[in-house]
Amino acid sequence: DGSLLFQQLPMVEIDGMKMVQTRAILGYIAAKYNLYGKDLKERALIDMYTEGLMDLNELLIRYPGQPANEKEQYFASMMDKAANRYFQAFEKVLKDHGQDFLVGNRLSRADVQLLEIILMTEEYKPDILGKFPLLQSFKARISNIPTIKKFLQPGSQRKPLLDEKDLPKVLAIFY
Amino acid sequence: MSGKPRLTYLNGRGRMEPVRWLLAAAGVEFEEVFLETREQYEKLIKGGSLMFQQVPLVEIDGMKMVQTRAILSYIAGKYNLYGKDLKERALIDMYVEGIADLMQMILMFPFSPPDAKEKNLNAIKEKATNRYFPVFEKVLKQHGQDFLVGNKLSWADVQLIEAILAVEEKIPAVLSGFPQLQAFKIKISNVPTIKKFLQPGSPRKPPPDERYVETVLKVFKV
């Protein structure tokens, strides 16, 4: 009925707009609710971090759809990148400035996204943060922020990991 | 230390071309370092400049920026090509993200196996004419202004003209059903900074050829 600018989801209706494109939606919410840093340079750091996290997210969400004979290799490669390319980089960020949050000593969308990705990766490999003490304490700390703590409790709008058996249903909707 | 932004990438369009476009549109001169060998790339990675061991890399204002979208957002914000408020920004973001999906198909096309090339070209044509161009044709028709957002040149206009020209290189008559986009293309091409970028001798890179594809495969070990 014309609600989807590029005929795709997600779609978020907010402030009179029908927004599509995940990054556009996240950028709007982050800026509106002061989770996007205090200036252009903090924003640049937040953007770099969230873009890297979105690349890792892409790897994770493609896993259920891998052909059976390639699954094991894909999994190994995915976990190697998660640990050695992405989590290693964020461990270093926290180590270099010694602060509680990734950017500007204040909660931003980068922290929210990093926690989300940590939890998703742990669902596949619970010990993925084994080499990263600062990320372990980051995870505990951010999980305890009241709004986030509430979201992590049962009954919130957080969705579970996609069950492989539901994959055909998803594919049927979109393809 | 010249103070100019420094771009590190291959000597070709790839993921850096939108950055070249945006800096040029903003009237900003920049330097380029071209990766030609695997050894050069490995040395760059070892040196610690690449947060996720990937290029593009843009050194700007004391930062070593990676991730194309982060780089483009920063340049747009800095040079007033990002709208006047949050809502204009939201529109610009939606538009550039849509165009980026189309550009991703163009980016990947040279790497298609020979037996998939025709299919992929048709997919580009189909998406351009049925999904993306109609949206922008409608936007321009509805507000009747020269630019996509806020009656002023923005990142969205630069991204759209880059996409139009890239698709036209493959499908010359692709704008034939889109009179607003035809007029847009002419108008934006005549913005002085963009006109300059479209002239020979500018930092604009030519379409990818076989040699570029080989360099990509060699340097990134794909």
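A few notes on this one:
- Criterion applied to A:Asp163, A:Asp111, A:Asp80, A:Asp127 was being under 18 Å from A:Met48 (Cα atoms) and acidic (Asp, Glu), and the one residue passing it is A:Asp111.
- Breaking point among (1) assigned to a helix (DSSP H, G or I); (2) of a type outside the set (Lys, Arg); (3) open to solvent by less than 10 Å² (accessible area, probe 1.4 Å), for A:Leu102: (1)
- Some residue of the range B:120-137 being part of a loop (DSSP other than H, G, I, E, B), polar (S, T, N, Q) and under 30 Å from A:Glu13 (Cα atoms): no
- Long-range neighbours under 6 Å by Cβ, at least six apart or interchain, first residue over 11 Å from B:Pro110 (Cβ atoms) and open to solvent by less than 50 Å² (accessible area, probe 1.4 Å) within the range B:199-217, second small (Gly, Ala, Ser) and at pLDDT 95 or above: B:Lys205/B:Gly12
- Being aromatic (Phe, Trp, Tyr), out of contact with any Lys or Arg (no Cβ under 9 Å at 6 or more places or on another chain) and under 22 Å from A:Leu56 (Cβ atoms) is a property that A:Phe151 lacks.
- Of A:Lys131, A:Lys41, A:Lys92, all but one fail to be open to solvent by 70 Å² or more (accessible area, probe 1.4 Å), touching a residue at least 40 places away in the same chain (Cβ under 8 Å) and of a type outside the set (Asp, Glu); the exception is A:Lys131.
- Pairs linking a residue in the range A:149-175 that is in a helix (DSSP H, G or I) to a residue that is of a type outside the set (Ser, Thr, Tyr), with Cβ atoms under 6 Å and 6 or more positions apart or on different chains, are A:Phe151/A:Arg158; A:Glu164/A:Pro64; A:Leu167/A:Pro64.
- Within the range B:13-51, the set of residues being part of a loop (DSSP other than H, G, I, E, B), of a type outside the set (S, T, N, Q) and more than 12 Å from the chain's Cα centre (by Cα) comprises B:Ala26, B:Gly27, B:Val28, B:Glu29, B:Phe30, B:Leu35, B:Glu36, B:Gly47, B:Gly48, B:Leu50, B:Met51.
- Filtered residue count, the range B:101-133, keeping only those that are more than 9 Å from every other protein chain (Cβ to nearest Cβ) and either among the charged types (D, E, K, R) or touching a residue at least 24 places away in the same chain (Cβ under 8 Å) (or both): 19
- Filtered by the rule that a residue be open to solvent by 30 Å² or more (accessible area, probe 1.4 Å), farther than 20 Å from A:Gly37 by Cα and in a loop (DSSP other than H, G, I, E, B), the range A:106-128 gives A:Lys125, A:Pro126, A:Asp127.
- Taken across the range A:18-36, residues that are under 30 Å from A:Asn105 (Cα atoms), away from chain B (no Cβ under 11 Å) and either in contact (Cβ under 8 Å) with a residue 40 or more places away in the chain or in contact with a Leu (Cβ under 8 Å, 6 or more places away or on another chain) (or both) do occur, with at least one present.
- Residue match in the range A:64-73 (condition: touching a helix residue (DSSP H, G or I) at 6+ places or on another chain (Cβ under 6 Å), outside any loop (DSSP other than H, G, I, E, B) and within 10 Å of chain B (Cβ to nearest Cβ)): no
- In the set (1) surrounded by fewer than 15 Cβ atoms within 10 Å (Cβ to Cβ); (2) facing chain B (nearest Cβ under 10 Å); (3) polar (S, T, N, Q); (4) within 27 Å of A:Thr147 (Cβ to Cβ), the condition left unmet by A:Thr50 is number (1).
- The residue of the range B:160-186 that is nearest to B:Leu22 (Cα to Cα), among those that are in contact with a Phe, Trp or Tyr (Cβ under 7 Å, 6 or more places away or on another chain) and part of a helix (DSSP H, G or I), is B:Glu162.
- Note on the range B:51-89: residues that are open to solvent by 10 Å² or more (accessible area, probe 1.4 Å), without any contact (Cβ under 8 Å) to a residue 60 or more places away in the chain, more than 10 Å from chain A (Cβ to nearest Cβ) and of a type outside the set (D, E, K, R) total 3.
- Residues of the range B:52-110 satisfying the condition of being within 15 Å of A:Gly52 (Cα to Cα), outside any helix (DSSP H, G or I) and not aromatic (Phe, Trp, Tyr): B:Gln53, B:Gln54, B:Val55, B:Pro56, B:Leu57, B:Lys64, B:Met65, B:Val66, B:Gln67
- Residues of the range B:90-131 satisfying the condition of being charged (D, E, K, R) and either surrounded by 12 or more Cβ atoms within 10 Å (Cβ to Cβ) or under 25 Å from B:Asp157 (Cβ atoms) (or both): B:Asp93, B:Glu97, B:Asp101, B:Lys117, B:Lys125, B:Glu126, B:Lys127, B:Arg131
- Screening A:Phe6 with (1) open to solvent by less than 70 Å² (accessible area, probe 1.4 Å); (2) touching a Leu at 6+ places or on another chain (Cβ under 7 Å) gives one miss only, at (2).
The values are calculated or read from the model by the stated rules, or taken from the named source; none is laboratory data. Every value quoted in this text rests on a predicted model; they were computed, and no experiment measured them. Note: ideal-geometry Cβ built from the backbone for every residue, glycine included; neighbour counts use all protein chains shown. The protein model used for the area step is the full one, side chains on, heavy atoms only, and it has no ligands, DNA or RNA in it. Shrake-Rupley method; radii C 1.70, N 1.55, O 1.52, S 1.80 Å.
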